[in-house]
Amino acid sequence: MLLHVPSVLTPDDLRRASEILRTAQWSDGRRTSGEQAAQAKHNQQLREDSPECRALQQIVLAGIERHPILISATLAKHISPPLFNRYAGEQNYFGDHVDSAIRHVNSSGARVRTDISCTVFLCEPDSYEGGELVITDTFGQQRVKLPAGDVVLYPGSTVHRVEPVTSGERLASFFWVQSMIRSDQQRRILFDMDNHLRELRGSFGESNAAVIGLTGTYHNLLRMWMEL
Ligand code: NI
C-alpha cells in the first residue's frame with residue numbers, strides 16, 4: 001500500500017524544524033546505508049548522535065504518534081529513530097535501490113524489520129526543482145513530491161529512488177516501521193476496514209449492532225494476524 005498522509009507535522013512543527021535545520025551540520029549520507037544502496041546514494045544526512053538530530057526526532061515522532069491515520073495504517077510495533085537528509089548541490093540524488101530488511105538502531109542496539117518505509121517532506125515542493133521520490137511496485141511507478149509536513153508510506157520491499165534536485169534544496173525525514181501486521185496485504189485490509197468502520201460509526205452511532213459486530217470482526221482479524 002502506498003499512502004499519502006497529509007499534515008502530519010503542523011506549521012509550528014515545521015517552523016521549529018526549519019530553525020534547527022538552518023544551523024545543522026550535514027555529513028555524507030552513505031554512512032548509514034547497505035552496500036547496494038550506498039553506491040546509488042548521493043545525498044547528505046544529519047549524524048544520528050547530534051543534538052540537532054535528537055531535537056528533530058522528537059518533533060517528527062510526536063507528529064507520527066498523534067496522527068490517527070498513521071496509527072491505523074502502520075499498526076506499528078517498532079519505529080526506527082527518524083533520520084534527516086538533504087539533497088542539494090553536488091549531492092542531489094539517490095538512484096534506484098532497495099532498503100535493507102533490517103535496520104540496526106545505533107543508540108539502543110535494537111533491530112527494526114523494515115516493513116514500511118516512510119518519508120516526511122520538510123520543504124514546500126515549489127522551493128526546489130526535481131527531487132521526486134519514485135517508487136516502483138506491482139502497481140507501476142509512482143512519483144511523489146508532497147507539501148511540507150505530509151508523509152508518504154510505502155512497502156519496504158519496493159525499488160525506489162530520489163530524482164536529482166536541480167535547484168534549491170530538498171530536506172526530508174525518513175524512517176521505517178516494523179508493523180504488528182507483517183503482511184502488506186493484511187495491513188491494507190485492516191486499514192480499509194478501519195476507515196469504513198469510522199464512516200459507519202458516523203452514520204449509525206457506536207451502539208448500532210452491525211457496527212459493534214464489525215468492530216469485533218476487525219479485532220478478531222487483528223488478533224489472528226498480529227505479532228506482539
Ligand atoms: Ni531507500
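Every number here is computed from the coordinates shown, using simple stated rules; none is lab data. Given the structure is predicted, the values throughout are model-derived calculations rather than measurements. Cβ atoms come from the backbone with ideal geometry, glycine included; neighbour counts cover every protein chain shown.
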Practice problem: Work the Kirkwood hydrodynamic radius out for segment 154-196: mean of 1/r over every pair of different alpha-carbon atoms, inverted, in Å. | Solution: 13.5
Quiz item: Given charges of +1 on the Cβ of Lys and Arg and -1 on the Cβ of Asp and Glu, with all other atoms neutral, how large is the dipole of the chain about its Cα centre, in debye to the nearest 20?
Solution: 540
Quiz item: Angle, helix 11-22 long axis vs. longest principal axis of the chain, Cα atoms, 0 to 90°, nearest 10?
Solution: 30
Quiz item: Taking Cα atoms of segment 148-228, Rg/Rh with Kirkwood Rh, to two decimals?
Solution: 1.14
Quiz item: Given q = 0.11, 0.12 Å⁻¹, what are the Debye log10 I(q)/I(0) values for segment 1-124, with equal point scatterers placed on the Cα positions and solvent ignored?
Solution: -0.40, -0.48
Practice problem: Please report Glu52, Glu90, Glu124, Glu19 as a ranked list, fewest other C-beta atoms within 10 angstrom at the top and most at the bottom. | Solution: Glu90, Glu19, Glu124, Glu52
Exercise. Using the number of other C-beta atoms within 10 angstrom as an exposure proxy, rank Cys118, Cys123 with the fewest first.
Key: Cys123, Cys118
Practice problem: For the chain, report the convex hull volume of the alpha-carbon atoms normalised per residue, in Å³, without decimals. | Solution: 131
Quiz item: For the chain, what is the mean residue ellipticity at 222 nm derived from helices alone (per DSSP H run of n ≥ 4: -39500 (n - 2.57); sum divided by total residues; nearest 500 deg cm²/dmol)?
Solution: -11000 deg cm²/dmol
Practice problem: Under a 10 Å cutoff between Cα atoms, tell me which one of Asp13, Asp49, Asp184 has the largest fluctuation in the Gaussian network model of the chain. | Solution: Asp49
Self-check item: Mean Cα-pair separation over length for segment 114-228, i.e. relative contact order, pairs under 8 Å, 6 or more apart, %
Solution: 30
Exercise. Order the peptides 81-88, 155-162 from the highest to the lowest mean number of other Cβ atoms within 10 Å of their residues.
Key: 81-88, 155-162
